1. Taking the stretch 31-82 on its own, how many of its residues are out of contact with any strand residue (DSSP E or B) (no Cβ under 8 Å at 6 or more places or on another chain) and polar (S, T, N, Q)?
2. Please go through the stretch 1-54 and give me each residue that is within 25 Å of L69 (Cα to Cα) and among the β-branched types (V, I, T), ordered by number.
3. Which residues, counting only those in the stretch 3-17, are part of a strand (DSSP E or B) and surrounded by fewer than 13 Cβ atoms within 10 Å (Cβ to Cβ)?
4. Being touching a residue at least 40 places away in the same chain (Cβ under 8 Å) and either over 11 Å from L25 (Cβ atoms) or in contact with a helix residue (DSSP H, G or I) (Cβ under 7 Å, 6 or more places away or on another chain) (or both) is the filter here; which residues of the stretch 35-82 pass it?
5. Being part of a strand (DSSP E or B), over 19 Å from D11 (Cβ atoms) and not hydroxyl-bearing (S, T, Y) is the filter here, so list the residues in the stretch 23-48 that pass it.
6. Considering only residues that are over 18 Å from F19 (Cα atoms) and surrounded by 10 or more Cβ atoms within 10 Å (Cβ to Cβ), which ones fall in the stretch 51-70?
Amino acid sequence: MNDENRITLLDENEKEIDFEIIATLNVEKSEYAILQPLGEDEGVVIFKIMEVAGEEVLESIQEEEELNLVVAAYEELLLEEE
């Protein structure tokens with residue numbers, strides 16, 4: 001893994017957590033990042049990529065319907081890679 005695919009985020013306790021960027025995808029005109037905590041083989045975290053003041057920021061997905069659409073698109077991507 002190269003550093004381009006690595007990102008460090010802060011949790012709610014201001015603890016740094018390193019992630020690997022597994023994929024980015026566009027779903028219904030929005031962009032999403034699929035992240036996996038480094039050192040873990042299972043489980044991913046999905047964020048919506050937003051632009052705020054010219055900077056990209058990651059925002060948690062609040063709506064279950066939106067999350068389901070992104071999960072379905074990610075699962076389809078995984079099937080295509082097999």
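Read-outs throughout are calculated quantities, based only on the coordinates presented, and are distinct from any laboratory measurement. Worth saying up front: this structure is predicted, and the values here are computed from it rather than measured. So basically every Cβ, Gly included, is an ideal-geometry build from the backbone, and we count neighbours across all protein chains shown.
1. Selection size over the stretch 31-82: 2.
2. Answer for the stretch 1-54, where residues must be within 25 Å of L69 (Cα to Cα) and among the β-branched types (V, I, T): I7, I21, I22, T24, V27, I34, V44, V45, I46, I49, V52.
3. T8, L10, E16
4. Initial filter on the stretch 35-82 (touching a residue at least 40 places away in the same chain (Cβ under 8 Å)): 58, 69-70, 73-74, 77.
Of everything in the stretch 35-82, just one residue is touching a residue at least 40 places away in the same chain (Cβ under 8 Å) and either over 11 Å from L25 (Cβ atoms) or in contact with a helix residue (DSSP H, G or I) (Cβ under 7 Å, 6 or more places away or on another chain) (or both), namely L58.
5. First pass over the stretch 23-48, keeping only residues part of a strand (DSSP E or B): 23-27, 30-37, 45-48.
Among the residues that remain, those that are also over 19 Å from D11 (Cβ atoms) are: 23-27, 30-32.
Within the stretch 23-48, A23, L25, N26, V27, E31 meet the criteria.
6. The initial filter retains those residues of the stretch 51-70 that are over 18 Å from F19 (Cα atoms), namely 51-55, 62-70.
Across the stretch 51-70, the qualifying residues are E66, L67, N68, L69, V70.
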